[in-house]
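Structure first, then comments.
Just so you know, all these numbers are worked out from the coordinates, no wet-lab data involved. What you see is a predicted model, and the numbers here were worked out from it, not measured in a lab. Counting neighbours? That spans all protein chains shown, and the Cβs are built from the backbone with ideal geometry, glycine included.
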């Protein structure tokens with residue numbers, strides 16, 4: 001297949017340039033904003049409405065800071081330690097979703113604790129919308145010609161401008177489909193269940209499923225993606241992305257089991273209380 005050679009810059013106004021990569025982030029944030037707002041009305045989560053705008057600002061900042069610092073500290077610290085001003089050059093790419101995800105959960109929890117909002121309900125609203133931003137971000141990576149795949153002779157192979165003369169997997173598009181479209185369809189198809197009061201689907205279940213689903217899809221897609229040149233393989237052909245995704249899967253499974261156990265205990269207490277009364 002032919003790599004389309006799309007200019008990463010959409011247009012410039014003097015020194016200010018608008019890039020596809022940045023536009024994808026904006027579109028992802030907007031999609032999340034409107035879908036969360038839709039769910040607030042749909043599920044009558046009125047206790048959260050007055051804090052919605054403020055939490056959005058906090059989460060957008062945490063995604064940008066966490067994603068960038070995650071990449072700087074985990075993926076390329078040796079370079080940025082010598083070029084600290086480059087840390088601010090996010091328009092050149094270089095964001096870690098694992099870093100963004102960790103920061104997103106922590107700041108979201110702290111905000112909900114501060115405002116006395118149910119964190120698990122809030123997490124369910126937001127987490128089902130995140131794959132949209134993930135998919136758009138991968139398209140931005142594809143336009144930038146970065147994070148390309150491994151060398152291949154299969155039909156989807158493309159010659160990337162910075163990937164040498166040999167065709168490579170368009171792994172960014174694989175990830176956009178798996179981590180974006182498919183993961184969103186799965187989560188959105190299930191997102192009503194915690195709000196129906198089902199014991200098998202307590203609030204927080206969507207967060208657990210997202211951690212598991214993203215981890216599985218990322219580990220699979222990393223088999224087609226060229227490891228970061230500065231890191232290579234960690235051990236036994238395992239990449240940093242696969243290692244961190246394994247931690248996500250384990251965290252998701254543990255969270256699911258804990259939430260299920262708490263929900264079962266709560267239902268049992270209520271049943272015993274009703275029986276005694």
Response to the item:
Kirkwood Rh over alpha-carbon pairs of segment 70-161 plugged into Stokes-Einstein at 37 °C, 0.692 mPa s gives a D in µm²/s of 204 µm²/s
Worksheet item: What full-extension length gain, to one decimal in nm, is calculated for residue 190 and residue 18 as 0.36 nm per residue of separation minus the Cα-Cα distance?
Response: 58.3 nm
Worksheet item: In nm, to one decimal, how far is the modelled label at residue 77 from the one at residue 177, with both set 7 Å along Cα→Cβ?
Response: 3.7 nm
Fill in: Distance between modelled label sites at residue 200 and residue 34, nm, 7 Å Cα→Cβ extension
3.4 nm
Worksheet entry | For segment 85-135, convex hull of alpha carbons as volume per residue, Å³ | 97 Å³
Worksheet item: What FRET efficiency comes out for the pair residue 231/residue 265, r = Cβ-Cβ distance, R0 = 41 Å, nearest 0.05?
Response: 0.40
Response to the item:
Note on the chain: contact order normalised by length, alpha-carbon pairs under 8 Å, 6 or more apart, percent, works out to 18 percent
Discussion item. Could you tell me the calculated FRET efficiency between residue 1 and residue 220, based on Cβ-Cβ distance and R0 = 30 angstrom, to the nearest 0.05?
Written reply: 0.90
Worksheet item: To the nearest 500 deg cm²/dmol, what mean residue ellipticity at 222 nm is calculated for the chain from DSSP H runs of n ≥ 4 alone, each contributing -39,500 (n - 2.57), summed and divided by the residues?
Response: -19000 deg cm²/dmol
Worksheet item: Can you give the Rg to Rh ratio for segment 125-277, taking only C-alpha atoms and Rh from Kirkwood?
Response: 1.14
Worksheet item: Relative contact order, percent, of segment 20-177 when contacts are C-alpha pairs under 8 Å separated by at least 6 residues?
Response: 28 percent
Worksheet item: Roughly what angle does helix 52-70 make with the longest principal axis of the chain, taking Cα atoms, 0 to 90 degrees, to the nearest 10?
Response: 40 degrees
Worksheet item: Given a cut-off of under 8 Å on Cα pairs at least six residues apart, what relative contact order in percent is computed for segment 136-187?
Response: 37 percent
Worksheet entry | Inter-label distance for residue 57 and residue 106, nm, one decimal - labels placed 7 Å from Cα along Cα-to-Cβ | 2.2 nm
